[in-house]
Amino acid sequence: MPETIYSNDRHLVGRGFADITGEPAEVGMLGYGKADQKTTGIHLRLRARAFVFADPIVDRRVLLIVSELPLVFSSITQEVLRRLGESFGDTYTESNVMLTATHTHCGPGGYSHHRLYNSSTGFRPKTFAAIVDGIVEAVERAHEDLAPATLRLIHGELREASVNRARAAFDRNPQEDRDYFPDAVDPQTTLLRIDREGEPVGAINWFATHGTSLTNRNTLISGDNKGYAAYHWEHVVEGVDYLADPDPDFVAAFAQTNAGDMSPNLDGRPGHGPTGDEFDNARILGLRQYEAAAKLGAGYIPRMAGSVDYRFVHVDLSAVTVSAEFTGDGREHRTGSPAGGAAAFAGAEYDGPTHWKTFHEGRNPGWDLLSRLAYRFAPALRDAQAPKAIVAPGRLLNRFGPYVQEIVPVQLIQIGELYLLGIPGEVTITAGLRLRRTVAAALGAELANVLVAGYSNAYMHYVTTPEEYDAQHYEGASTLFGRWELPALQQIAAQLATAMHDGDTVPSGTTAPDLAERQRPAEIAPPPDFPPAGKQFGDVLTEPEPAYRAGEPVNVEFAGAHPNHDLHRGSTYLMVQRRDEKRWRTIAGDGDWATTFSWSRGPASSSRITIVWHSPADATPGSYRIRYFGDAVQLSGDRVPISGTSPEFQIHGED
């Protein structure tokens, strides 16, 4: 039976979340590498969820932040840490803060300080500020929320939410590794439940699958499948009102692990699996992750013991000497300068190709030939990077950039019996298994309790096994530091884990440079706004039908303004309202799965706002209306709030 004495809880835990949605119009999306995939609105707002875990006995704490972002860059981490330092001194530092991403491919870009990731956007100060402000706000709420809590850890399996998109590369691994993953997927789903006074108040789930249910054709901001999983648990199940309650009774985060070769597109092509509708797929895959986690959390979970601890190091991954203990061939090797291979420019077939039509997964004869010639005269380069067909030599590009990061953070944090190895990249399941085994062996921990926390603190692209690297598919070609990158990370992970086990410190190393002062903001200010001819701001351009059956979509169009003037962070551009006797009650905003907010440019700097509410099949019969909120910039430069309200319409129950 569950324990009934709570005063003996060793840990203190704080929870908080906040909106981190960036610019919803005309900003290149990050993830697919498609220059024409630019934001046109919001499907689901993006959120950061922060959790503080403290052990007052040893006076240590760690801060875990799970952000619904495509990627975490050092730009974000550095600015968040600077802001936290201003508010909290040395309470939260680079050593004890782990900032991770869910890796949705439907978030706005332009928030990196490395040029490669801003190539289709330039640097976007508004999006950058929205992300940083939201993360800091979530941490502030978690810090204030700190209170005694019981931590409970449990593992299960989920086999219907991922497929291996790089099977040919996976099959090159030794039999021992392949036997651990008989279906070529990592099915482990891990739940950390947070209880207070015997009641769950928070949960963090880790499961490996890409945030690519929504395809590169989608241009609405969304948290994809993991965003839906968190939304479902918080809002649908626990009743959290995102507009009314910034400090909810329950916070749920769905974090990534080693998802490098895990795709949610179960049928092997973009937007397919389990259905042919990408939005349905995101919802279904998110629901499966929620259901697996909720099933684990519904039963008895023993109280988790153990303290809180952390180790952290900066590593120049372009120049690591890797000992024979980790290389696997009995010889010492060195990593190399970052280099992108030809197949990296092709994209992953299951999730969507890039706009580079001249590159292919696998062999690229012209680039292969050029690289073989270069390897003939550069044996050190050959040992590090062969058989990669090098297209983008990062060290050379960094002289004109910087384009990619070379000094990267590696982190190990302990939360009771759970250990998270923070890797700033996309780790395949077999590479993750080797890292987990390395850490578990050094700590004497159970393998299931050691997770790779991918997409943490910065970004360095992919991590594959040497065997997978040799296949030079998308993932191997995106392993920038060469064939020995994973063994180098194993060596570093072993050093961190051994130091943690022995109670030793680890020198933090030389940090990556802060590039904030080198950023030149893109020319991004939208022009002054004008309503369509003969209309006023907020006028309804397309009215709803007088009545709908529950379950039917409701479409309304307004004369609006460019949404980038004010991002309405923590608020909404729309409200769906139902009349309750004499008042209107808001039942949905733009952070709800059932709504979409779309912007399009009309003639003469006018903006057309389209709001769609997919009414639930169980919608309460009655009178409804849809409201729009925006901000128009006048010729004088002044910004004025605008709004519009649709005519009332009726929702009738299903026959």
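The values are calculated or read from the model by the stated rules, or taken from the named source; none is laboratory data. Predicted, not measured: the structure shown is a model, and the values here were computed from it. Ideal geometry is used to build each Cβ from the backbone, glycine not excepted, and the neighbour counts take in all protein chains shown.
You will find that of Pro603, Pro641, the residue that is closer than 21 Å to His565 by Cβ, at pLDDT 95 or above and exposed (fewer than 14 other Cβ atoms within 10 Å of the Cβ) is Pro641 and no other.
Looking only at the range 202-212, decide whether some residue is modelled with pLDDT under 95 and more than 24 Å from His272 (Cα to Cα). Spell out the reasoning first.
Here is the first cut: in the range 202-212, the residues modelled with pLDDT under 95 are none.
No, the range 202-212 contains no residue that is modelled with pLDDT under 95 and more than 24 Å from His272 (Cα to Cα).
I'd like the residue in the range 205-248 that is of a type in the set (A, V, I, L, M, F, W, C) and under 23 Å from His143 (Cα atoms) and, out of all such residues, is farthest from the chain's Cα centre (by Cα). Don't jump to the end; show me each part of the working.
Just the residues of the range 205-248 that are of a type in the set (A, V, I, L, M, F, W, C), to begin with: 206-208, 214, 220-221, 229-230, 233, 236-237, 240, 243-244.
Of the ones still in play, those that are also under 23 Å from His143 (Cα atoms) are 206, 230, 233, 240, 243-244.
Working: Trp206: 12, Ala230: 12, Trp233: 18, Val240: 21, Leu243: 22, Ala244: 25 Å.
Ranking the qualifying residues of the range 205-248, first place goes to Ala244.
Assess whether Ala101 counts as being under 22 Å from Tyr403 (Cβ atoms) and either under 14 Å from the mean Cα position of the chain (by Cα) or touching a residue at least 40 places away in the same chain (Cβ under 8 Å) (or both). So Ala101 passes the test.
State all residues of the range 116-156 that are more than 20 Å from the chain's Cα centre (by Cα) and either in a strand (DSSP E or B) or under 30 Å from Asn216 (Cα atoms) (or both); if no residue qualifies, say none. Once the filter is applied, which keeps residues that are more than 20 Å from the chain's Cα centre (by Cα) and either in a strand (DSSP E or B) or under 30 Å from Asn216 (Cα atoms) (or both), the range 116-156 yields Gly122, Ala147, Pro148, Ala149, Thr150, Leu151, Arg152, Leu153, Ile154, His155, Gly156. In the set Ala168, Ala184, only one residue is in contact with a strand residue (DSSP E or B) (Cβ under 8 Å, 6 or more places away or on another chain), at pLDDT 95 or above and small (Gly, Ala, Ser); that residue is Ala184. Within the range 82-113, the set of residues being touching a strand residue (DSSP E or B) at 6+ places or on another chain (Cβ under 7 Å), in a loop (DSSP other than H, G, I, E, B) and β-branched (Val, Ile, Thr) comprises Thr102 only. Looking only at residues of the range 616-633 that are within 32 Å of the chain's Cα centre (by Cα) and over 29 Å from Asn564 (Cβ atoms), we find that the one that is surrounded by the most Cβ atoms within 10 Å (Cβ to Cβ) is Ala619. Condition check for Lys388 on (1) in a loop (DSSP other than H, G, I, E, B); (2) out of contact with any Lys or Arg (no Cβ under 7 Å at 6 or more places or on another chain); (3) surrounded by fewer than 23 Cβ atoms within 10 Å (Cβ to Cβ): one failure, at (3). Looking only at residues of the range 283-329 that are of a type in the set (D, E, K, R) and in contact (Cβ under 8 Å) with a residue 40 or more places away in the chain, we find that the one that is farthest from Ile194 (Cα to Cα) is Glu325.
Within the set Ala259, Ala298, Ala305, the sole residue that is crowded, with 17+ Cβ neighbours inside 10 Å, more than 24 Å from Glu137 (Cβ to Cβ) and not basic (Lys, Arg) turns out to be Ala259. The single residue among Glu543, Glu517 that is among the acidic types (Asp, Glu) and at pLDDT below 95 turns out to be Glu517. Trp613: part of a loop (DSSP other than H, G, I, E, B) and surrounded by 21 or more Cβ atoms within 10 Å (Cβ to Cβ), yes or no? When the stated conditions are applied, Trp613 does not pass them.
Can you find a residue in the range 522-538 that is of a type outside the set (Asp, Glu), within 26 Å of the chain's Cα centre (by Cα) and part of a loop (DSSP other than H, G, I, E, B)? Checking the range 522-538: at least one residue is of a type outside the set (Asp, Glu), within 26 Å of the chain's Cα centre (by Cα) and part of a loop (DSSP other than H, G, I, E, B). Evaluating Ser636 against the criteria (1) of a type in the set (S, T, N, Q); (2) exposed (fewer than 15 other Cβ atoms within 10 Å of the Cβ); (3) in contact (Cβ under 8 Å) with a residue 12 or more places away in the chain leaves one unmet condition, (3). Contact map, the range 222-247: first residue not assigned by TED's automatic domain parsing to the domain that holds Thr572, second residue surrounded by fewer than 15 Cβ atoms within 10 Å (Cβ to Cβ) and not in a helix (DSSP H, G or I), Cβ cut-off under 8 Å, separation 6 or more or different chains; pairs are His235/Asp241. Residues in the range 129-151 that are under 27 Å from Thr189 (Cα atoms) and buried (at least 22 other Cβ atoms within 10 Å of the Cβ): Ile135, Ala138, Val139, Ala142, Ala149, Thr150, Leu151.
Within the bounds of the range 169-177, is there any residue that is part of a loop (DSSP other than H, G, I, E, B), in the same structural domain as Gly297 (by TED's automatic domain parsing) and free of Cβ contacts under 8 Å to residues at least 60 places away in the same chain? Yes - at least one qualifying residue is present in the range 169-177. For the range 155-196, filtered to residues that are under 30 Å from Asp249 (Cα atoms) and of a type in the set (Gly, Ala, Ser), the residue that is surrounded by the most Cβ atoms within 10 Å (Cβ to Cβ) is Ala161.
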